[in-house]
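One structure below.
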2 protein chains.
Amino acid sequence: MGEAETFEALRLELRRGSLVLAVLARLRSEQYGYSLRMALAEDGIEMEESTLYPLLRRLESQGLLTSEWREEAKRKKRFYRLSAEGEAVLARLHAEWRRISASLETVLA
Amino acid sequence: MGEAETFEALRLELRRGSLVLAVLARLRSEQYGYSLRMALAEDGIEMEESTLYPLLRRLESQGLLTSEWREEAKRKKRFYRLSAEGEAVLARLHAEWRRISASLETVLA
DNA sequence: TCATACACTGTGTGTCACACACCATGTGAC
DNA sequence: GTCACATGGTGTGTGACACACAGTGTATGA
């Protein structure tokens, strides 16, 4: 594996954990999969649909999200939003992220 | 899985990608496994030996680290430090981390 | 008919944590 | 002096699990 591939693999790894946090945060207001993906991309967090959809289902099965299958603009879409438990977990994850972030700043300094 | 375990799993996931970055950064100056672990713990990044050692070997096999088996204080230790390629990758990862960090700040705001 | 919007699945690969194994050295109890 | 034990130090094997890739499929409007 060359340096480019090595870097790319590590980049993905680094980005990985932040996906959940970003998704949870965005779903404080209701969104459906596609619009969520677009919104996150605009903020600089891009992910494949094949990453996002399984993630949403996983988070829902963990009780952090609730979803509703609804029609809007003549299309059926699955709308997700944060559950109460999801809010609690998001708050804790946010705090944890601040901790990690601060630690990394120290090490990288 | 209760909320506590769910959070713990996500916390680990969030921390995951930062390990490589922290290790690479710390190895800008030479260290052996144990001292590296202690140093990182002091900065708030704790990891098991069974996580650290395989990680070190992996990074070395990717050419990002070099190691040397040396005796110090009557004990044989394996000393690691960043290779030139490692420095390059570290710089790029650092930049990428800043990007992700900024994106998360936006989403979390 | 072709692009875009939208949702989903199956599989492969790779990483981390847990539990464990192994050896060396210093130290205090007896 | 020797035995137990903590501490320092380096590893392995396995299982769980998450992401990315590639692909499937439907609906809509231009």
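Observations on the model:
- Taking every alpha-carbon pair within the protein assembly as shown, the share separated by more than 25 Å comes to 45 percent.
- Candidate aspartates and glutamates for bridging to B:Lys77, where Cα separation is under 15 Å - those fewer than 8 sequence places away on the same chain excluded: B:Glu30, B:Glu49, B:Glu68
- 10 Å Cβ neighbours from other chains, averaged over peptide A:74-80: 0
- Rg/Rg_ref, chain A, where Rg_ref = 2.2 N^0.38 Å and atoms are Cα: 1.22
- Applying the Karplus relation 6.51 cos²θ - 1.76 cosθ + 1.60 with θ = phi - 60° to segment A:21-30 yields 3J(HN,Hα) values of 4, 5, 4, 4, 4, 5, 8, 4, 10, 4 Hz, where x marks Gly and Pro.
- Overall, segment A:18-108 carries a charge dipole of about 280 debye about its Cα centre when +1 sits on the Cβ of Lys and Arg and -1 on the Cβ of Asp and Glu, all other atoms neutral.
- Amide H to amide H distances under 5 Å link B:Tyr32 with B:Tyr80, where only residues 5 or more positions off or on other chains count and H is placed in the peptide plane.
- Peptide-level mean, for B:23-29, of C-beta atoms on other protein chains within 10 Å: 2
- Among A:Arg98, A:Arg57, A:Arg11: highest mean-square fluctuation, GNM of chain A, C-alpha pairs under 10 Å: A:Arg11
Every number here is computed from the coordinates shown, using simple stated rules; none is lab data. Values in this document were obtained by computation on a predicted structure and should not be read as measured data. Don't worry about glycine lacking a Cβ; one is built from the backbone with ideal geometry, like all the others, and counts go over all protein chains shown.
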